[in-house]
Structure formats: structure tokens, C-alpha cells
Amino acid sequence: MTRITDDYFHPEMLSRLGSFELRAQMLIEGFRSGMHESPYHGVSVEFAEHRQYVQGDDLRHLDWKVFGRSDKLYVKQFEQETNLDVVILVDSSASMNYGTFTNNIPGGSNTHWSKYDHATTIAAAISYLALQQRDRVGLVVFADELRCIVERRSTSGHWRKLISALSALPADSATSIAYGVDQTLAKFTNRVLIVLISDFFDDPSQINNAIARIRHSGHDLILLQILDRQEMRFDFRVPSPFVDLEYGNSIQFDPRAIRKIYLEEITSHCNHLKTIARNFGYDYHLIDTHESIIPILRMLLSKRTSRFKRGQNR
Amino acid sequence: MTILHSQLAIMGTLAILIPILIHFLFRRRQQPIQWGAMRFLFAAYNKVHKRTRIEYIVLLLLRCAILLLVGLTLGRVMLQDNSISRFLNDFGILSTVSNSGAGSNLVVIIIDNSMCSEVKYKNTVTETTRAVDYSNYPTSFVRHMIQAKSILQTVAPESHVAIITTAQPSKLAYINNYAELSSAEKIFDRIHSTHAPPDIIGAIENLKQVIDGSIKENNTGSVYLLSDFLIGSVNTEHSLVSLKESQYYEQLTFYALNPQTTPVNNVQIASVEPTRHTSVYNSVLGSGQLQIQLRRFGNLQDKQHSTIRVQSSYTLLDNDITHTKIDERYIIENTVIWERGQTEIESILQINNQWIKHGIRDYTAWIESDTLDSDNYYYFDLNILEHINVKIIDQQETINDSRYIDTFSGGSWIERALMPDDTGLGDFIIEYGNPIGFDEVDLVDVDVLIVSRPDLLDNASWASIGKWVKRGHFLWLMPPGSKSTAQWTGDVNQALGLSWVWPLEGISVKHSLDFKETHDKIVNTEIDYNKASGNTLLTMISNDIDDLLKAVDLYYIYAPIDGVNTDSIILSTAVSNNDKITDTLNQMPLLIDTTHDSGSGYVVYLGIAADLNWSTLPTSPLMVALTQEIVRQGLCETHKSRIFHPGTNIVSSYPKESHSIDIDGIDFIQITYNNDANTFSTVTPPDTSGLYNVRDTNGILLESVAVNVYADSGNTNICSANILNSWLNSVAEWTWVDNFSNIDDLLLESNHSNVNSEISTILMYILGILIIIETFFARHFSHASISQVEGHIGELTSSSTRINRTQ
């Protein structure tokens, strides 16, 4: 069921907030206010279940009270969460600067909402959430090279560093996910959760190789593909010249004539990306810049929790 | 292939530019779009751009073809008869044009626009006999034009159309590759009924020319002859050119309107003949009469009256209160009664010029309006002089520095004859000219020059006189009595343009003379008054001349000769019969004239000298009558109004110096000069009657020319069917029809199955098919695929969580 509070986190509302920091805070506060019904809780303090003692269990976990009442040995089991390292990779290539969502503010200037805006907002929100839960959060902004790296921290002031890094404008260069991933992996030795936010307008084989290396390194990965709605619909009707944001090439054609093939191409690309993610056991999400961010945050939190449980069970 | 409405077809063709322009306009004005997912666009573009381009071209061609076909369909494209159209026609695809003219490659319309085509009538006899206002009735010509236009409505494109008029001279308008009605209508607008006589002969010759030039093998033609075939509109007395020997005669069909079976009542002025074309102001003898001839056609059973009116074009003098006036103009009138069966009537009207200012005066005679108005008018002019200035050249004697004329000289006798009462009053002012050094200055203001002593003039004087005569003046010559004529020079003949030679001496006449008119009297005297054809010099005294001649004795005649050798005088051939006015029984010319044409003067030669022998008064009164009549009528000859007819070129014989002549009232007229005949003539003859003034380049009036209708052209009696059939069938076999309004049926009966077919129907089929194809392509070609691939969006976004916002 959709809540009314979700409307506050729709790009239409977020785009009106001039301050990026304010935007992210509002997003998280709104998100948190809606979490009271969540079945998920903090791990270190919550009792989970009892199980019968087997040889080899740590005697410190025996529930002596139960033993005193029933003369049976049960081990007390807790849902205990260790701190998580989250590294967010944000694609800042020129193609991320595309966006068609425009918020028409009465009496004010029009606000343009690009894929990069959407991506950085999501990144800020994730990092805020993670920091709230004492997770360490790192940030990598990349295009064809690494543009900005923020080391992992869990301190309360770290979020401002992250926000500051995300406030940078996207580059004019092309995307190189493989390079960004490689450079990032070289800096982390322990196991981290990587959130890769990009439009993934890159060679699928390169993307596949990059994900394979992440998998090989034992990291967890969530792929968030940000696409503008126009990129998904391509409902231009007038023949116009199209200029490549990344390379500057241009072609002129009738978009109606090319639309079908274009949609097939981009759909194929997205499906291919989804398949790659699935093959490596990672999550993939396609995000429309015209849609609200809250659902994707909720979904991410759910994923994180379940993944944490899975990891604990293992 | 021909297009009926070419303008629509042209618009359709030009409409092809619309999609092309749209294509280029859309390409030009769009702003570039910054795009991120370019790799997919490139991939898609590489896959589809060739196909898209082809689709574009196909669609563009389809749309252009549709617009073109719309234009051609609206323009009514016609296929001429050929194997394709026949093939299509067999399958019922073509819509054959259901009219007739369309079946012919050549359509010739011969339309009667001669004077009789202006007849207005009803088909009931009784109505035409009463006084009916005919002004509201359409003329025969108008009805024929309607018929002609209905024929043109049916003419197929690419046919050849010829329109021939029958008024003299027959004219031909030819339209090669007839495309639309408007082009023919422009020609029709220029055709009008005329006052000219019929020229069916010329029309048939024009028809033959058209057929010879237009009809080819496998072509067909239709000829339509539109006339009422009244007697006045045909020339049945002349034979026509036969077309039956024409190579393609069998390919032609000839239609003619049935001739009128009801005669049309019509009264006309056949002629108006003034007895004096030139007269003297306020003179009894100078007034003259008008002999007006009326003719009647049609129903002659009833009594009828006609009122003849004659009106001058000038305004009356202020003090004239005695004459009838219409619009302040002088009117004389007379009413005549037609008896049953009477066809001709003559009316005499007295012209009283007592109140008329002198000068050339135009007159119109007319009768009341009837079924045919064109012949109700007759135009003429009269020349009114204040006096007749006569100059006599005779021998003069000088006594005490004063010159005198011998009392018994020829000049004296002439003066006495012109002014017999010695009062000095009369129509003539007489002046003597000195033969010594006589030149052009002496001829200023002279109306008539009488030379009684030609032997005294030298060559220079004759040259001056010749020039004066050729400017349209009257010269009266006579021999110098018994005196020798040997001094006369041959240059005289050349100077005066005479065809005969002066006699050297008189020939003795041994018998008494008695003038007779040859046409009504037995010639038993030695001098025969031979009234030459058309010569009116002595007409006024012809009834009295016998009595006048009784007391006259002549002894010598100085007859013109054709040689100078008196031993071999051949008198009979010296003067042509046309020039003779009187001659003796042995054919010696006595009174001759030389030049009749106005503008080149008039010379009269009297073969006897004015002397005591025959001119003594009062015992010999002939001298007075003869002299005065020669002078008066001789002057009339030089100022005679010349009559032309509509359809005939006006010819003027004024000297070459005035070679640029404007003719009033004919604005389109062109003048040509004939060097051989020394005449001017109009290139295009006038086609309406009226008075036309010929002026020189300085605007000075040279002469007045009257153009009057041919009386026979107004004959509105019906033509005998047998005569008409036989006359027209000498040209071709005609099919007679009542009218051409049912021309479709008429031509369906024709054996000519050559068809022109309209392919609009098949074009519409093709157009429909093309529209369906275009619609299909437009929906299914890649450029129109937005609605078709909407599903991809749903599929693509299905993996993302979508928010359905509720408000």
C-alpha cells in the first residue's frame, strides 16, 4: 500500500529543494518516519530464538534459566549484526546529465532533474541510512576515470563529506564502469557491499567482466540502473538531429522510424544487464528518474537485511 | 490523352510540391537534441536507415501520386481512341463519354451571321403581320449561337474545332487540340451578326480547307451548319464546291438545321437615289428629289403601311420653324400603303434645301422597325453649294488695257446659257480665265472649268489643269469651232489622262440632227442620245431633249479619233462605249466623258463647238438646258456619294499624296495602297452599314462613303426545300435536324464508333487503391511505430517499482 508520505520523495518534490543536503535529509527523515511498521530491528540487542544444545556450542550462550526450569540445555541465539561496509559507486559520465523531468515552479525557474541528480540523491540517502546504522560508508564518483573517492567512515560528520563529493557536476567524458570498478576494488581488501549507480551505457562485456571481478573479490553488489523516462520510451515525433552527450557525434533521422529498433536495443541491453546480475547472484534494479525514490530505498533496506541474515546464517 | 479541366489538373500537379516542401521544412527547422543513450540510437540507426529511406521515398511517391491523381481525376482526363482505351472499355473500366462531339476528331460549326441572321420572328404568321415590338425577340443568330455552344459542350479534348462564319467574307477560326470550352467561347464572343450578304461559297471553301488539313485516316469529323436558310442567307444561284470527292468524305458526318418553313415579314429600303448629289443652296433647280425604293417579303396577303423618314445629320438653322424636327434635325417623311401581294413600291421625296447650310450633308432614310432592322436604313450624302463657280477659258481681246470676250465666242454662248436672263442672279458665278499663262492659281475656288478654246492653252497650263482635275474636279472641253485644232498637243491627253485623241478638224454633218434615247425610241436620226450605263449626265432632261433638239442644226462634229492621220480616221474605236453619252448614227462620238471615279475628276467632251449655229437663244433653247445640265450633273459626278456594301472593301481613288487615309467610324480598319490601280482600299471590309468619311492625314474630308446593305440579303422569304436540298447536297449529304440540343442521341445513331473515353473512373479506382496502400504503409512503416511498440515500455519498466500516485 502506498503511503502519502511517499509523495514527498517524488522527484517533483525533491527537485524543488535547492540544497542537496536538505534534499537528502528530507528524504531520509521522511523515510524513517515511515519505518515504524517495519518488522526489521537492530541486531545486537534483539533475542532471536532457542535451540537445543549440541556438542561444541559455546557454553556462554546456554540459557541457564531454561535449564533451571526444565533441566534441558538450550542455547540462546541472538540476531546479532556486525557493522557493514558500504561503498557507493556513482557514474558521473556525460550521459548521466540527461534528464527530461522538469518541475515547473509557478513564478520561479524551471528545475531540471537529470539522471545524475537522481543517482546522487539515491547515493546520499543510502549513505545517510547506512551511517545511521553505524555502517561505514565510502563513495566513488567515476566517469572514464575516478573523479572522487571518499574513504569509508561511520562517523556522524562523514555524511557531509559524502554530500560534498556528490555535489560535483557530472563530467563531460564517457562511461568506463570496468575502470571504475577495478580502481575501486584495488582500494578495498575486506568484504564490502557495493552499490553501483549508473545508466550502464557501456559495453556489456566490459560490465560483465567488472561484475565478475567484484564477484571474484567476494563483494556484494547492487546494480541500480538509472534511466530517464524518455530514454525508455523514446517518443520523439519530429525528425531532429541527435547529439551524443559523451562524444559529440550527431545524426539526423526521423525518431519515429528508429524508435522500435532503439527500444529493442535498449531493452536488450537492460535485460542483458539484468541477466548478468542474476547470473552472479546480484540484485539489479532499473530506476525511472520520473518515479519516487522511496520505494527503491525501502527495497534496498529489505535487501540489506535479508542479505545480512543470509550471511549470518552462513 | 487530354485533360478537360487543365487548371484543376495543374493544381493537382503542383500539389505534389506540398509533401516535398513539408519534408524539407521539417528537416530544416529542428533544434538538435542532446542525447545520452546514443549507442543504442547508432545501433538502431545503422539497422534501419536504409530501409527507412526507402520507406520515405515510397511514401513520398505514394502521396505525390495521390495528389496527382486527385488533380487528374478532377481535371477529367480523356483517352483518345486507341487500343488501350478500347481494351479498358471492353472490361467496362472506362466511362465512355456519352456525348457525341466527343466521337469526332474534327468538329466544324458553320454559323450564319449574314444579315438575315438578324431576323427576329415568331413562328406564327399572324403575329408577324401586326405591329409587334420585335426588340425583345432573340435573333436567329443568337439562337444559333446557343446551338453552337451546346455542340461545343460535347466536343472531346484534343479534337480540332473549326468555326466558320457565312457572312461575306467567310471567316474561319481554327482551334487545334481543343482543350476546353472557354477557348472556343472566346472566339464565339468575337463573332457577331453582320449586315453583310451571305458567302456560303466561301464558307464551303473554308470547310474544304479545314477537312483537307485536319482529317486523317481513321479520324472522323462532324460538320454542323446553323442557318435558317432564308433566301437572303443563301446563294443558291451560285454553285458550291463538292466535298464528295474528298479522300476522307466517308469519315465525315454533315448535319444542318431544318430550314425555316414560315416566311418572315420584312420591309426594306432597297435603294435611295437622289437626282442631284450636288445642289445649290436656296435653289429650286438645285434641290432635287429622292427616289426611294421599298421592297416587301413574307406574308403579302395583308395591307400594310410603311412610313419613310429621311433625316439629315446636321442641326437646323435657328429660324427654321416650318419643318418637322426630331432631335433638332431636318426630317421629311412619307407614308406608303402596300396593297395585297405588292412586293415593291417607290416613293419620291422632295429635298428642299432652302434652309440647309452648304457643305457635305449626311442623310439617313429609314422605315419603322420590323423583324429585320438592318435593311430598314439607307445612308447617303448630298453636297450643298452656295454657288457654282464656273470659269470659262476663252480668247480675250485687250482694248485700252481692258480685256474683253468676243460676243460670239464659245465662252459667250456658254455664259448666256448658264445665265440666260441677264440679271446676274442664279446658281452660277461665272468668271473668265485668260488662256495665256493659265495655271493652278487661276483654279482656286473654281467648281467647274469650261474650256471653249483649248487651242490657246500651252502644255504648262494643261499640266496645271490636269492636276486640278485629278484632285476631283469637273472639266468640260469643247472644240474651238471652225478654227484649226492643229495646235493641240499630244501632251493634253497625258495631262488629263484621256483615253482618246483630240480631233484635228471637224467632220461635216450634212443632215439635221435629232437626239434620241436609244433605249426607248427608234433611232432614225443622225445623232443618237445614247444613255450609257450608269451615266446620269442628261437624265434630268432626257424627257425633254427631243423637243429641245428640233430647232438645232449642226454642221461640224469634232469627234475624238484614235489617230492623227485624217486619211485613216477610225472613229468607232476611239472612244469606248462606256464613255459615250451620245453619238451619231455612224457612231461618231458626240458627247463623251472620261473619268467617273470620284477623286480622280471628271472630264466631259462635247464634240461640237458652242457657236451661233445651234446655240442661238431663244430660238434654240437646247443650249440652256444642255449646258446647265452638263454643268450641274457634271459637278454631281465629282461629288457623288459612292455606295459600298458590308463585306466589301471600301476603295478610294484619291491621289497618292494623300496616301494615309483615316476612315471615320471603322476603328479597326487598315488601309492598303494599290500602286497599279492608284487606289486605296480597306483591308478589312466594314460589316455594318453606315456613313464613313474618308479624310486625309490632315483630317480634311476627302469624301463621304456610304455603306448600305445588299437589298437581296434581306430577302426573308423561305427557300424552296428542293432547291436548297439540291444546292447543299452538291456539297455533301446532309442530315437535317430540328435542333442540336439532343445532340447526344444524334451522334449515338452515327455509324462512327470511334470513341474517346474518360479515364476518370479508372483513375478513381487507382486513387482509392493508392490511398489504402498509403494508409497501410503510413501505419506500418517504421516511422509510424509509436503506438505499436508501447508494450516495450511496460516490459522494460516492469522490473522497476512503479508508484501509482493517489491524491
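The values are calculated or read from the model by the stated rules, or taken from the named source; none is laboratory data. As the structure is a prediction and not an experimental result, all values here were calculated from the model. FYI the Cβ positions are ideal-geometry reconstructions off the backbone, even for glycines, and counts take in every protein chain you see.
Tabulated results
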item	result
Pairs, first more than 8 Å from chain B (Cβ to nearest Cβ) and assigned to a strand (DSSP E or B) in the range A:280-296, second hydrophobic (A, V, I, L, M, F, W, C) and surrounded by fewer than 20 Cβ atoms within 10 Å (Cβ to Cβ), C-beta under 6 Å, six or more apart	none
Qualifying residue in the range B:260-280 (condition: surrounded by 17 or more Cβ atoms within 10 Å (Cβ to Cβ) and within 30 Å of residue B:210 (Cα to Cα))	yes
Per-region count, the range B:249-308, residues modelled with pLDDT under 85 and among the basic types (Lys, Arg)	2
Residues located in the range A:97-126, provided they are modelled with pLDDT under 85 and touching a Phe, Trp or Tyr at 6+ places or on another chain (Cβ under 6 Å)	A:101, A:113
Residue within the range B:391-412 that is at pLDDT 85 or above, in a loop (DSSP other than H, G, I, E, B) and not β-branched (Val, Ile, Thr) present	yes
Residue B:381 in contact (Cβ under 8 Å) with a residue 40 or more places away in the chain, under 20 Å from residue B:633 (Cβ atoms) and not in a helix (DSSP H, G or I)	yes
Residue pairs meeting the criteria (Cβ under 6 Å; at least 6 apart or on separate chains; first within 15 Å of residue A:289 (Cβ to Cβ), in the range A:116-144; second of a type in the set (Gly, Ala, Ser))	A:125/A:24
Pairs with Cβ under 7 Å, 6+ apart, first in the range B:631-643 and touching a residue at least 40 places away in the same chain (Cβ under 8 Å), second assigned to a helix (DSSP H, G or I)	B:631/B:418; B:633/B:540
Verdict on residue A:266 being closer than 23 Å to residue A:90 by Cβ and modelled with pLDDT of 85 or more	yes
Enumeration of residues in the range A:189-206 that are assigned to a loop (DSSP other than H, G, I, E, B), touching a residue at least 40 places away in the same chain (Cβ under 8 Å) and more than 25 Å from residue A:99 (Cβ to Cβ)	A:190, A:191, A:192
Tally, over the range A:242-262, of residues that are within 12 Å of residue B:38 (Cα to Cα) and at pLDDT 85 or above	5
Flag for residue A:275 being surrounded by fewer than 21 Cβ atoms within 10 Å (Cβ to Cβ), facing another protein chain (nearest Cβ under 7 Å) and modelled with pLDDT of 90 or more	no
Filter result for the condition that a residue is free of Cβ contacts under 8 Å to residues at least 12 places away in the same chain and farther than 30 Å from residue B:306 by Cα, over B:212, B:189	B:189
Some residue of the range B:240-257 being under 30 Å from residue B:305 (Cα atoms), touching a helix residue (DSSP H, G or I) at 6+ places or on another chain (Cβ under 6 Å) and in a loop (DSSP other than H, G, I, E, B)	no
Restricting the range A:227-254 to residues that are assigned to a strand (DSSP E or B) and more than 7 Å from every other protein chain (Cβ to nearest Cβ), the residue that is surrounded by the most Cβ atoms within 10 Å (Cβ to Cβ)	A:227
Selection from the range B:690-740 of residues that are β-branched (Val, Ile, Thr) and free of Cβ contacts under 8 Å to residues at least 60 places away in the same chain	B:694, B:697, B:700
Scan of the range A:255-272 for residues that are buried (at least 19 other Cβ atoms within 10 Å of the Cβ) and facing chain B (nearest Cβ under 7 Å), ordered by number	A:256, A:257, A:258, A:259, A:260, A:261, A:262, A:263, A:265, A:266, A:269, A:270
